[in-house]
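Before any comments, here is the structure.
The values are calculated or read from the model by the stated rules, or taken from the named source; none is laboratory data. These figures come from a predicted structure and were not determined experimentally. In this analysis, Cβ positions are derived from the backbone assuming ideal geometry, glycine residues included, and neighbour counts consider all displayed protein chains. To get the accessible areas, we keep the full protein, side chains included, count just its heavy atoms, and leave off ligands, DNA and RNA. Shrake-Rupley method; radii C 1.70, N 1.55, O 1.52, S 1.80 Å.
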Amino acid sequence: RVMNKIVHTYLEKWLRAADNDDIVHGSIDDTGTVSGRASSSGDAGNLQNIPDRGSYTVKRAIIPYSHNWMFFAIDYGQLELRLAAWIAEGLFKFDPNMTMTRLFLSGEDMHSYVRDRINIRSILYGNMDARYILAKLGYDPAEKVGKEEEIVAKHTRQIAKTMNFGLLYSGGAKMLSKLLKLEEHVSKRLVSEWRTLFPAFSLAQTYYNELALKRRPRPDGSGQVLYVT
């Protein structure tokens, strides 16, 4: 399945899109989304969404134009989540010792923290042995002897990461169920635990929703409108 996706979603498109010098030119639309972010599409596909984790090693097929060029990655390091925490928790003056902001300032791994505090493994798999969890995930346990716990820990951390970013803007159980392919009652429990752990985000969402729907004077004084200053 992984190899099929690599070939048909990426490699075949790149080969077809290459010019006479075997160079693939990506297409970037700097006004391609409603939110204002750039998007990527065209004959070469979406070059902003090439997986590089797990079994998806397709990026190894990409080489620089010449020896004088190189590829590198720049990541803001959870900037969106950090700003959201600072805004939401600062807005309601939460105790600094009980916030997501504190975790960022201390350098603690946010996703591992959420995984362990919520005990995602227990919610999803109960007391199931790591070997059975691997089998449930599609691994061959015989090939992962001695690495079972490590793989389960990474898997549940990835779920925590999805929750941290997915629930940030008041996402709910249906969204989480779809993203993680979980039964909705399991997703509801995960959402409830996350919101209990980080209550500022739901409060901030309600606050800004009400603010956006409040009629206020137009800047030119010509009446009132739904306008956020």
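In segment 181-190, how many residues are open to solvent by 40 Å² or more (accessible area, probe 1.4 Å) and either assigned to a helix (DSSP H, G or I) or of a type in the set (Gly, Ala, Ser) (or both)?
Residues in segment 181-190 being open to solvent by 40 Å² or more (accessible area, probe 1.4 Å) and either assigned to a helix (DSSP H, G or I) or of a type in the set (Gly, Ala, Ser) (or both): 4 in total.
Restricting the search to segment 16-38, which residues are surrounded by 11 or more Cβ atoms within 10 Å (Cβ to Cβ), among the hydrophobic types (A, V, I, L, M, F, W, C) and modelled with pLDDT of 85 or more?
ALA17, ALA18, VAL24, ILE28
Condition first: within 26 Å of ASN164 (Cβ to Cβ), of a type outside the set (Val, Ile, Thr) and open to solvent by less than 90 Å² (accessible area, probe 1.4 Å). Now tell me which residues in segment 60-88 satisfy that.
Once the filter is applied, which keeps residues that are within 26 Å of ASN164 (Cβ to Cβ), of a type outside the set (Val, Ile, Thr) and open to solvent by less than 90 Å² (accessible area, probe 1.4 Å), segment 60-88 yields GLY77, GLN78, LEU79, GLU80, LEU81, LEU83, ALA84, ALA85, ALA88.
Every residue, every condition in (1) small (Gly, Ala, Ser); (2) assigned to a helix (DSSP H, G or I); (3) modelled with pLDDT under 90, yes or no:
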{"site": "ARG121", "(1), (2), (3)": "no, yes, no"}
{"site": "GLY146", "(1), (2), (3)": "yes, no, yes"}
{"site": "ALA160", "(1), (2), (3)": "yes, yes, no"}
{"site": "PHE165", "(1), (2), (3)": "no, yes, yes"}
{"site": "LEU176", "(1), (2), (3)": "no, yes, no"}
{"site": "SER192", "(1), (2), (3)": "yes, yes, no"}
{"site": "ARG195", "(1), (2), (3)": "no, yes, no"}
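I'd like the full set of residues that are within 21 Å of the chain's Cα centre (by Cα) and open to solvent by less than 90 Å² (accessible area, probe 1.4 Å), limited to segment 39-51.
Result: SER39, SER40, SER41, GLY45, ASN46, LEU47, ILE50, PRO51.
Would you mind stating whether TYR132 is more than 30 Å from HIS25 (Cα to Cα) and open to solvent by 80 Å² or more (accessible area, probe 1.4 Å)?
yes
Could you give every pair whose Cβ atoms fall below 8 Å, whose first residue belongs to segment 184-204 and is over 16 Å from LEU168 (Cβ atoms), and whose second residue is open to solvent by 10 Å² or more (accessible area, probe 1.4 Å) and polar (S, T, N, Q), counting only separations of at least 6 or pairs across chains?
GLU184/SER177; VAL186/SER177
Residue-by-condition table, conditions (1) buried (at least 17 other Cβ atoms within 10 Å of the Cβ); (2) in contact with a Pro (Cβ under 8 Å, 6 or more places away or on another chain); (3) more than 19 Å from GLU80 (Cβ to Cβ):
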{"position": "GLY166", "(1), (2), (3)": "yes, no, no"}
{"position": "PHE201", "(1), (2), (3)": "yes, no, no"}
{"position": "TYR208", "(1), (2), (3)": "no, no, no"}
{"position": "LEU213", "(1), (2), (3)": "no, no, yes"}
